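What follows is a set of notes on a single structure, which appears directly below.
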Amino acid sequence: MKSIQNLIERFWIIKSRDKDLYFLARAEMNSIEKFAREYPGWRVVSNERIIKIEKIPSYAQSFMGITDFQSNLDYAILCALLIFLEDKEDNEAFLLSEVVANIEIQLKEFVSVDWTRFSDRKSLIRVMQYAVKIGFLICHEGSIDDFTNNIQQEVLYENTGLSRYFAVNFSRDISDCKTYSDFERVTNNVDTDRGHFRSSRVYRRLVTSPAMYWDTTDDPDSFYLKNKRNIISKYLNDYLGGRLDIHRNSAYFVFEDDNNYGESFPKDSTISDIVVLLCTVIREHSEFIHEENDTVVISKYEFVKLVGECSEKYSFAWSKEYREMAVEKIAERVCEIMEGWMLLERTDSDFIIYPGVYKFSGVYPKNIEEQRNNSKSKSSEKK
């Protein structure tokens, strides 16, 4: 079970870096392959260098990108780097200037790259740092950070050969895919609402996302989930631990202790506290109209007002940064966190609050409330 969690949590396990995890996974390979093949329908890559589960999600979410990247150019440069490394032998050394020249050629037809632009240089730096971090490259001499101020900076790299295992092998032709929606159609291919395709899609949604939502009672995924809830719950618990919670328009695969994988929410941070407290404030507004799918639609003004209400009640216990921060800025940060955990969606004109909000409720201990009241009393006396 732990090896499956490790492989879902990590992009891959590299033998040279994590020998203990690698050999543990090799020992549990039968269970890993059985889980990956029979439930989410994923492919396992296993050789003498790496072990990897190709975790293709059913539907793309914003949090599924490479968190180190900040722009589309980052991804374009990564693709160009992968093409460049295809022609390199394992353990072959090369200079940064070779990469820089090759990227310009590879991307010429698709995007303009100008290394005199600070933003373009930062994109390259992020990609090269990611390549070293994930194991494509080894940096032997020099620092890519110096490329920020000097485009003539040289860095000596070594190709590990692991880049050839980075890309996912799709079972269908993807040459016509232009957007993430096109890839979703390839993944959720023919007869997607029947048999193994539907089963795999449901498992993928539960395992890779914080929540699974549906809009109608006749949604095929929800119909399958509710009918097979006991079996699905058992298999998930057997292989990953955790608990399956199913509600009218949503489902969640949650953990109650430290035996989990990936990132957890809430974290031990002020911004997580604020999000959980805001969930409580939202719950208290019984006047909100719930749509048929249990979502609540409010305006940006109403959302900022809710954050302001939360700040008015609880900011005395927040860190100095958030006590002194403007409500609008707090609201922006809160929105980013909630979007990443599928608690909220931002449209051009509205904010859609998802049912997951009602899974959280937070309050401060009573002694903090007493400190707040004492603080108010002293403030009134001074006035």
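The values are calculated or read from the model by the stated rules, or taken from the named source; none is laboratory data. Only a predicted model underlies this, so the values are computations on that prediction, with no experimental measurement involved. Here Cβ is always computed from backbone atoms with ideal geometry, including for glycine, and neighbour counts include all displayed protein chains.
Here are a few things to note about the model shown:
- Condition met for F360 (under 26 Å from T67 (Cα atoms), in contact with a strand residue (DSSP E or B) (Cβ under 6 Å, 6 or more places away or on another chain) and touching a residue at least 24 places away in the same chain (Cβ under 8 Å)): no
- So V99, is it touching a strand residue (DSSP E or B) at 6+ places or on another chain (Cβ under 9 Å) and surrounded by 13 or more Cβ atoms within 10 Å (Cβ to Cβ): yes
- Among the conditions (1) touching a helix residue (DSSP H, G or I) at 6+ places or on another chain (Cβ under 7 Å); (2) at pLDDT 90 or above, the only one that D146 does not satisfy is (1).
- Tabulated pairs, region 74-102, first of a type in the set (D, E, K, R), second assigned to a helix (DSSP H, G or I), C-beta under 7 angstrom, 6+ apart or interchain: D74/S123; D74/R126; D74/V127
- Of the set (1) outside the structural domain of E86 (by TED's automatic domain parsing); (2) farther than 25 Å from E28 by Cβ, all apply to L156 but (1).
- Considering only residues in region 51-74 that are assigned to a helix (DSSP H, G or I) and of a type in the set (A, V, I, L, M), the one that is modelled with the highest pLDDT turns out to be L73.
- Here G65 clears all of (1) more than 29 Å from V155 (Cα to Cα); (2) surrounded by fewer than 19 Cβ atoms within 10 Å (Cβ to Cβ); (3) under 26 Å from the mean Cα position of the chain (by Cα); (4) of a type in the set (G, A, S) except the condition numbered (1).
- Conditions (1) surrounded by fewer than 18 Cβ atoms within 10 Å (Cβ to Cβ); (2) under 29 Å from T217 (Cα atoms); number of the one not met by C279: (1)
- Candidates are the residues of region 252-276 that are at pLDDT 90 or above and more than 21 Å from I330 (Cα to Cα); the one that is surrounded by the most Cβ atoms within 10 Å (Cβ to Cβ) is F253.
- Any hit, region 330-353, residues being modelled with pLDDT under 90 and under 26 Å from S209 (Cα atoms): yes
- Total residues in region 137-189 satisfying the condition of being among the polar types (S, T, N, Q), in contact (Cβ under 8 Å) with a residue 60 or more places away in the chain and surrounded by 15 or more Cβ atoms within 10 Å (Cβ to Cβ): the figure is 5.
- Residue within region 176-196 that is of a type in the set (V, I, T) and at pLDDT 90 or above present: no
- Of the residues making up region 38-50, those that are assigned to a loop (DSSP other than H, G, I, E, B) and surrounded by fewer than 16 Cβ atoms within 10 Å (Cβ to Cβ) are N47, E48.
- Residues in region 22-37 that are assigned to a helix (DSSP H, G or I) and either of a type in the set (A, V, I, L, M, F, W, C) or under 15 Å from M1 (Cβ atoms) (or both): F23, L24, A25, A27, M29, N30, S31, I32, E33, K34, F35, A36.
- Listed here are the strands (runs of 3 or more DSSP E) enclosed by region 218-329 that have at least 1 residues being in the same structural domain as I352 (by TED's automatic domain parsing): 296-299.
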